[in-house]
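Participant: Have a look at the structure that comes next, please.
Each reported figure results from applying straightforward, stated rules to the coordinates on display, with no laboratory input. As the structure is a prediction and not an experimental result, all values here were calculated from the model. No Cβ is skipped: glycine too gets one built from the backbone with ideal geometry, and neighbour counts run over all protein chains shown.
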Amino acid sequence: DYLSASAINLWLTCSTSFYLKYVLEMEECETDKIFSSYGTLVHNINEKIANGEYLFLEEAIEEYETNFYSTGMHFDNYYENGIEGIKHVWEFFEDIKIELVGAEVKCSVKPLEDVPKLFGFVDLIYRDENGKLIVRDYKTSKPYTEKQMEHQSQPYVYAEMCLAKYGELPAYFEFYFT
């Protein structure tokens, strides 16, 4: 048994939803599946950008355009937001000098004896131009409110994972909303 940052956040947000998803293992509703598919598409493209798997930005955008409608996402401005997010991620890797530690890094840690193992995939870990370890998490949702930011467990969970995996805590954690 393990806990992810997403599971912890769901528990903090709505314990009934946590119970239905993680205890009773009920299937997601169609809307949740759509948002999940969209998030997976964007995360996969961001990972490929980080790993240098595209020679040109247009390749990343083409993959997004080819797969966008198969996610079932037809809400608000998600199509345009996805394109803009991909461009920003591309520019991030193009413009600054960083040392990529890893993208979609599989991590786990058992922080305390009576606490389940924490497990997750960290979207991006890199060292900035000063050698500081930075953790970035991509979000395909609307930016969090100040109150929502106060209840996010990911920075703490991922910090524990970095300490276990790399022997150091990140200098900081950044949410990147696409």
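Participant: DSSP H helices in the chain with Cα extent of 15 Å or more along the helix axis and mean Kyte-Doolittle hydropathy at least -0.5?
Facilitator: Membrane-span-like by this criterion, though nothing is claimed about a membrane: 30-50, 154-166.
Participant: I need the P(r) histogram for the range 1-96: all alpha carbon pairs, bin width 5 Å from 0 out to the longest distance, whole percents.
Facilitator: Reading the bins upward from 0: 2, 12, 19, 18, 14, 14, 12, 7, 2, 0.
Participant: Run through the DSSP bridge list for the chain and note the antiparallel percent, rounded to the nearest 5.
Facilitator: Once the DSSP bridges in the chain are tallied, antiparallel ones form about 60 percent.
Participant: Note down the relative contact order for the range 1-146 as a percent, whole number, built from C-alpha pairs under 8 angstrom at least six residues apart.
Facilitator: Reported relative contact order: 24 percent.
Participant: Please compute the modelled spin-label separation between residue 12 and residue 114, points set 7 Å along Cα→Cβ, answer in nm with one decimal.
Facilitator: Between residue 114 and residue 12, the label points sit 2.1 nm apart.
Participant: What value in Å³ per residue do you get for the convex hull of the alpha-carbon atoms in the range 49-98?
Facilitator: Numbers: hull volume 3.8 nm³, N = 50.
Once divided by residue count, the hull of the range 49-98 is 77 Å³.
Participant: I want to verify a result. In a Gaussian network model of the chain, Cα cutoff 10 Å, which of these has the top mean-square fluctuation: 168, 113, 25?
Facilitator: Between 168, 113, 25, it is 113 that shows the largest mean-square fluctuation.
Participant: Å³ per residue of the Cα convex hull, for the chain?
Facilitator: 129
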